[in-house]
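Q: Before anything else, here's the structure in question.
The values are calculated or read from the model by the stated rules, or taken from the named source; none is laboratory data. Predicted model only: the values in this text are computed from it and were never measured. Here the Cβ is made from the backbone with ideal geometry for all residues, glycine too, and neighbour counts use every protein chain on show. Areas reflect the complete protein model, heavy atoms only, side chains present, ligands, DNA and RNA absent. Shrake-Rupley method; radii C 1.70, N 1.55, O 1.52, S 1.80 Å.
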Amino acid sequence: ACLVAGCDIALHCNGDRQEMTAVAAACTALSQAAVARVTRATARRGRSGSVDVSALLDELESLIGGV
């Protein structure tokens, strides 16, 4: 439904391996138009250098807390 609605990519991340496998199997390759959009977005994003994974994990923990 996400792809039919015009999204290029749909994420399904609930941790249920069987569901994720079914979603991946139903997906098709990106259209040429979608590849062009991804390419333009990636070029605008630039490179941020190295990532401090520990700091990102700390930030994630502070955001989700006891959820």
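Q: Of the trypsin sites (Lys or Arg not before Pro) in the chain, which ones lie in a loop per DSSP and count no more than 15 other C-beta atoms within 10 Å?
A: Here the trypsin sites (Lys or Arg not before Pro) that fit, given the DSSP loop and packing criteria, are R47.
Q: Considering only protein heavy atoms and a probe of 1.4 Å, how much of the accessible area of the chain is carbon and sulfur, as a whole percent?
A: C and S fraction of accessible area: 60 percent.
Q: Roughly speaking, what is the stretch gain from C27 to E61, that is 0.36 nm per residue apart minus the C-alpha to C-alpha distance, in nm to one decimal?
A: Gain on stretching C27 to E61: 9.1 nm.
Q: Report L11's accessible area, 1.4 Å probe, all protein chains in place, as a number in Å² to the nearest 10.
A: 150
Q: Per residue, how much accessible area does the chain have with a 1.4 Å probe, in Å²?
A: Heavy-atom accessible area per residue stands at 89 Å².
Q: Say a paramagnetic label sat at a point 7 Å from the Cα of T42, along Cα to Cβ; which residues of segment 7-30 have their backbone N under 17 Å from it?
A: Flagged as within label range: 8-10, 29-30.
Q: Here are labelled values, (1) 45; (2) 74; (3) 69, and one is the computed percent of Cα pairs over 16 Å apart for what I pasted. Which one?
A: Identified label for the calculated read-out: (3).
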